[in-house]
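To start, the structure itself, in structure tokens.
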Amino acid sequence: MKKRAVRPVGSAAVAHEPRMSTQTLQRRLTRERATFQQLIAEAPRELARHYIRHSSLELNETAYLLGYEDANSFFRACHQWEGTSPGEWRAQQARLSKALKLRTRNGKEDSMRYQPLGRTGLYVSELCLGAMTFGGNGFWAAIGKLGSKEAESLIGAAFDAGVNFIDTADVYSDGDSEQLVGAALAALGRPREQVVVATKVRGRVGPGVNQVGLSRAHILASIDGSLKRLGLDHVDLYQIHGFDPATAIEETVRALDDVVRSGKARYVGFSNLPAWQASKAITFAQENGLARFQSAQVYYSIAGRDIEREIAPLCQAEGVAILPWSPLAGGLLSGKFDPEKKGPADARRASFDFPPVSMERLPRVLGALRNVSEAMDVSLARIALAWQLTKPFVTSIIIGAKRMEQLLDNLAAVDAKLAPEHVKLLDEASALPAEYPGWMVDLQNSRDPRGQGKML
């Protein structure tokens, strides 16, 4: 006679059924006299996240049903990062992010993974679609001149691949980029809560003396302009686009906090700041109960690893998400250029040689990329992006495209899993030369009997 399986009880019973709505989950937990906290403790973490991500409710409603005040309180409880050291918090985030996968409508798992934006409960895809190629006014024509149909097509393809994160700025094509992003979002009809929209403020948007910078006046005027062009009532991430020597960082932080409190932005971040100023701003915000930077949009590529000296360690210590821009070094790592930067005449680098790269390291970097590309039989660009995805401090890589085939190739980087020996080869070929105080930190810790430590 066949033995009857013993039915588990309590939270273990719920953990055996991964496909259920939040309402069903709440009923089952009540019936089994179990709590969600017990479920988190007993079930695999990815299973618990599966329950939440397959909810038919808003995240805030889900959190409330589970006994939390709001979504942030819920995520803090799940992540358990409060009271832990930065190292423990980062390790836990890595485990959670590795487990997190969303599912498409047909039930197949996406390759795209999602990570929290800094110390928030907002999850973003590991690839973000940058909209700098949309528009093409004046100076920006060298970057891209895509119109509404092309923008809508690229954003739709990115959504289909699992991307939920779009980045633009008020200065891109004099505001046309924001307008094109807004029009595409409206045409595609994706529910607002399923899309994370980011824009930026700092650059000149008019002839007036105050139509530039990071003053309170310019920030408050600029957020209204961006929302009007985007056709939205809020953005998810509002970023300062650089350093403004004319405005005290304290004024900027207070203005950004007002933007968040007004409901016009959910979170704030920075771009292109030196580490000392970002640290000053974060400390000021935390000491005064203001919205703090949750993200850092910075230049980072295998040909330009400068952020590893100061910015990346700061962001890791403070729980700030790193969003690399120009991960292919302005197209230099696309596979079209040789070590002397010679490439197609119609390529972006031919007319806009930016960002700068070390010509001394470039031949080694391109050689290593080609070796791995040939070994894996995938494009050079895909390898360059996949290498970035191995870095624990990278949250979401901002990719841009002028053509659909270029976008699809970049999106496929999430499937390019590099072997340890390939990562080692690429790391060594692109390594930064030692600079003070980094070499002194490494030297002192290498002689420390408690163990060797490095800055990164």
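Laboratory data are not the source of any read-out in this text; all were calculated from the coordinates shown. None of the values given here were measured: they were computed from a predicted structure. No Cβ is skipped: glycine too gets one built from the backbone with ideal geometry, and neighbour counts run over all protein chains shown.
Overview of values
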item	result
Cα-projected label distance for Ala317 with Glu287, points at 7 Å along beta-carbon direction, nm	1.6
Long-range HN-HN contacts of Ile322 with modeled amide H, under 5 Å	Ala296, Thr395, Ser396
Cα centre as origin, Lys/Arg/Asp/Glu Cβ charges: region 136-236 dipole, Debye	260
Net dipole in debye of region 108-156 [+1 Lys, Arg Cβ; -1 Asp, Glu Cβ; about Cα centre; nearest 20]	100
Ascending count of other beta-carbon atoms within 10 Å, so fewest first, for Tyr114, Tyr299	Tyr299, Tyr114
Theoretical FRET efficiency, 1/(1+(r/R0)^6), r = Cβ-Cβ of Ala431 and Asp377, R0 25 Å, to 0.05	0.45
Whether region 110-430 is rounded, prolate or oblate, judged on the alpha carbon gyration tensor where a/c under 1.5 counts as rounded	prolate
Cβ-placed point charges (K, R +1; D, E -1), dipole of region 110-430 about Cα centre in debye, nearest 20	220
Full-stretch length increase - Phe139, Arg31 - with 0.36 nm per residue and alpha-carbon distance subtracted	32.6 nm
Distance from region 301-379 to region 240-258 (C-alpha centre basis), Å	30
